[in-house]
Amino acid sequence: PPGGAPPADGLKSATQGPVNRLRFETMTVTAANGRAILNNVSGSALAGETLGVMGPSGSGKTSLLDVLAGLVPSGAETQGQVLLDDTPLVIGAHYPPSLIAYCQQSDLLPSTMSVLECVTFAAMLTLPETMGTGEKMRRAADAIEELGLGHVADSVVGDATAMGQGSRVSGGERRRISLAMSIVARPAILLCDEVTSGLDSTTALLMVRTLRALSRRGRIVILTIHQPSSRAFMALDRLLLLRSGEVVIATPVHNLAAVCASSGHPCEAGVNMADHLLDVIQDKAQADKLSEHCVWEDAESAGEGGGRMTSPSKKAKSKSIVPDLTRPPKLTPALVKTYAKRARLELSVLYWRSAIAVVRHPSLFRLHVAVGLGAAFAVGLMFHGLQSDVSGLQNRIGAVFFVLALFGFSGLSAMEVFMGEMALSLREMRAGYYGLGTILFTKLSVDALLLRIVPAFAFAAIFYPL
């Protein structure tokens with residue numbers, strides 16, 4: 001079915017109201033080789049707060065966010081549960097963009113679209129189909145203004161090779177574009193993986209403050225952060241510190257100084273608290289001691305206190321709000337009609353993006369037409385003036401074989417079309433923008449028309465008369 005097919009009724013009703021808390025309990029992820037990526041990780045995040053997940057490289061920060069977003073690592077075994085207001089979610093299920101949005105570390109954006117077009121593209125495919133096009137475009141404009149991208153709204157995103165330096169947006173702006181595409185559906189939960197990596201300290205601080213402002217509007221915001229500046233670190237509300245896939249501490253940021261002092265590792269004046277914590281937990285004994293002096297219950301019940309989650313709560317008895325997607329839904333006429341309507345929407349938006357790409361980056365199309373015309377003159381002149389006899393028939397067969405070989409090998413350029421955008425397409429399919437069938441149909445039809453049929457007609461118009 002299309003990627004953005006409507007969820008089950010239970011999920012609709014569960015996501016209509018505000019979400020107050022996301023809790024994960026005893027999360028354990030074991031790789032295919034038996035290595036523990038996460039080991040009994042528990043924690044929670046509240047609406048209106050920003051939870052920062054920090055730890056050394058390889059501590060499991062990204063893996064935790066992947067599991068929360070429904071992206072279970074390939075071949076890995078996952079245990080534990082994720083609860084949304086005490087209602088369990090199915091781990092590994094596809095969550096609609098209105099519930100959970102995941103802004104991943106790498107900025108994969110279509111290079112030929114402008115900033116406004118990128119966010120509009122996301123709005124068209126993630127907002128409800130009952131919403132009008134004008135309202136969706138207004139939502140896209142609001143997301144751009146919310147993240148301070150109004151001054152580059154009409155700038156083409158570009159990349160390091162396809163666009164000139166004057167048309168490309170900066171690294172910090174690319175991060176904010178990805179974030180705008182994630183929040184345009186106004187998700188209840190926003191997950192961000194190292195959105196400050198590679199940014200200067202001032203830009204990173206602005207990014208954290210932006211996420212904090214988003215959380216203040218009733219969202220749950222969880223972000224992984226790597227080597228933050230002191231100002232960016234103190235802009236967080238709560239901290240979940242990981243080491244080797246295990247929780248060291250989880251506490252409000254303003255309690256960290258007291259926790260470090262009570263464990264015998266006070267943070268000296270003028271030293272970044274984030275750097276101090278990473279230095280302390282390099283030694284396992286020091287990390288254990290730091291953990292022992294951090295006693296807390298839960299993000300909701302701890303209030304202004306800090307601490308460590310002592311034990312997971314009892315499993316919720318309520319039914320999961322996300323259906324088990326391992327079982328295909330029963331096809332009914334109404335469901336088929338819904339899928340067909342969704343497929344038409346996805347195809348129309350994908351064709352719109354393809355048209356923009358062809359208009360702004362027509363070099364591949366022009367190259368195929370030029371090759372077709374040049375080959376038509378060369379081959380036509382080579383076989384010009386053939387007689388209507390046996391020798392002429394054999395030469396015509398040779399000409400047909402040459403033409404078929406020429407266009408057969410030119411079809412290999414289709415691999416570049418798919419391979420060049422594979423990572424972007426996989427990212428967008430995971431985000432629920434569209435399904436595999438619609439993107440394949442769009443790519444194949446556009447490639448067949450512009451790079452196969454049009455050059456073939458241009459070739460035949462010159463070759464056949466000769």
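The values are calculated or read from the model by the stated rules, or taken from the named source; none is laboratory data. Owing to the predicted nature of the structure, the values given are computational and were not obtained by experimental measurement. Note: ideal-geometry Cβ built from the backbone for every residue, glycine included; neighbour counts use all protein chains shown. Accessible surface is based on the protein model in full, side chains and every heavy atom, while ligands, DNA and RNA are left aside. Shrake-Rupley method; radii C 1.70, N 1.55, O 1.52, S 1.80 Å.
Ranking request for peptides 266-277, 338-349: highest mean number of other beta-carbon atoms within 10 Å first, then the rest in descending order.
Ranking the peptides 266-277, 338-349 by packing returns 338-349, 266-277.
Convert 25 °C to kelvin, take the viscosity as 0.890 mPa s, use the Kirkwood radius over C-alpha pairs of the chain as Rh, and evaluate the Stokes-Einstein diffusion coefficient in µm²/s, rounded to a whole number.
Diffusion coefficient, whole number: 98 µm²/s.
So for each of 45-51, 124-130 I average, over its residues, the number of other beta carbons within 10 Å; can you give me the resulting order with the highest mean first?
45-51, 124-130
So what's the net charge close to residue 153: Lys and Arg +1, Asp and Glu -1, counting the other residues with Cβ under 11 Å from its Cβ?
Residues close to residue 153 contribute a combined charge of -4.
Under 11 Å from the Cβ of residue 224, count the other residues' Cβ atoms, weight Lys and Arg +1, Asp and Glu -1, and hand me the total.
That works out to -2.
Run through the DSSP bridge list for the chain and note the antiparallel percent, rounded to the nearest 5.
If I count the DSSP bridges inside the chain, around 60 percent turn out antiparallel.
Quick one: 3J(HN,Hα) in Hz for the stretch 106-119, Karplus 6.51/-1.76/1.60 with θ = phi - 60°, rounded, Gly and Pro as x.
Values per residue, Gly and Pro as x: 7, 8, 9, 10, x, 6, 9, 9, 7, 4, 4, 5, 4, 6 Hz.
In the structure displayed, which of 136/341; 61/289; 61/136; 341/443 lie more than 25 Å apart, Cα to Cα? Intermediate results must be reported in sequence, preceding the final value.
On the way: 136/341 17 Å; 61/289 21 Å; 61/136 33 Å; 341/443 20 Å.
Checking Cα-Cα distances, 61/136 exceed 25 Å.
With +1 on each Lys and Arg Cβ and -1 on each Asp and Glu Cβ, how big is the dipole of the chain about its Cα centre, in debye rounded to the nearest 20?
Values: 42 positive and 39 negative charges, 246 e Å.
In debye, rounded to 20, the chain gives about 1180.
Quick check: pseudo-label points 7 Å beyond the Cα along Cα→Cβ at residue 355 and residue 394, how many nm apart are they?
Going from the residue 355 label point to the residue 394 one covers 5.2 nm.
Along the charge dipole of the chain, pointing to its positive end and built from +1/-1 on Cβ of Lys, Arg, Asp and Glu, which listed residue (123, 349, 52) has its Cα farthest out?
Projecting each Cα onto the dipole axis, the largest value belongs to 349.
With a Förster radius of 25 Å, plug the Cβ-Cβ distance of residue 254 and residue 279 into 1/(1 + (r/R0)^6) and report the FRET value to the nearest 0.05.
0.80
Averaged per residue, what accessible area in Å² does the chain show with a 1.4 Å probe, protein chains only?
Values: 22310 Å² over 466 residues.
Heavy-atom accessible area per residue stands at 48 Å².
Could you check the simple spin-label distance between residue 35 and residue 130, using points 7 Å along Cα→Cβ, in nm with one decimal?
Result: 4.8 nm between the two label points.
With a 1.4 Å probe and every protein chain kept in, tell me what percent of the accessible surface of the chain is carbon plus sulfur.
Ligands and nucleic acids excluded, carbon and sulfur reach 59 percent.
Considering only protein heavy atoms, what is the solvent-accessible area of residue 103 at a probe of 1.4 Å, reported in Å² to the nearest 10?
The value for residue 103 is about 10 Å².
Taking Cα atoms, how many degrees apart are the long axis of helix 171-183 and the longest axis of the chain, rounded to 10 and kept between 0 and 90?
The answer is roughly 80 degrees.
Can you find, among 72, 98, 150, the residue farthest towards the positive end of the dipole of the stretch 39-176? Put +1 on the C-beta of Lys and Arg, -1 on that of Asp and Glu.
150
Order 117, 246 by their accessible area, 1.4 angstrom probe, all chains in place, largest first.
246, 117
With everything on Cα atoms, drop me the angle between helix 390-410 and the longest principal axis of the chain, reported from 0 to 90° to the nearest 10.
On a 0 to 90 degree scale, this one is about 10.
Could you give the angle, 0 to 90 degrees to the nearest 10, between helix 333-360's Cα long axis and the longest principal axis of the Cα atoms of the chain?
70 degrees
Using 0.36 nm times the number of residues separating residue 289 and residue 336, minus their current alpha carbon distance, what extension gain do you get?
Stretched fully, the residue 289-residue 336 segment lengthens by 11.1 nm.
So what's the back-of-envelope 222 nm ellipticity for the chain, counting only DSSP H runs of four-plus at -39500 (n - 2.57) apiece and dividing by all residues, rounded to 500? Before the final figure, lay out the partial values.
Working: 18 runs with 210 residues, N = 466.
Here the helix-only value at 222 nm equals -14000 deg cm²/dmol.
Put +1 on the Cβ of each Lys and Arg and -1 on the Cβ of each Asp and Glu in the chain; which of 397, 185, 108 then has its Cα farthest toward the positive end of the dipole?
397
Hey, what's the per residue convex hull volume over the C-alpha atoms of the stretch 140-291, in cubic angstrom?
134 Å³
If you take every residue apart from residue 420 with its C-beta less than 13 Å away from the C-beta of residue 420, what net charge results, scoring Lys and Arg +1 and Asp and Glu -1?
With Lys, Arg at +1 and Asp, Glu at -1, the neighbours total -3.
Between residue 378 and residue 153, how high is the FRET efficiency from 1/(1 + (r/R0)^6) when r is the Cβ-Cβ distance and R₀ = 45 Å? Nearest 0.05.
For residue 378 and residue 153, the calculated efficiency is 0.45.
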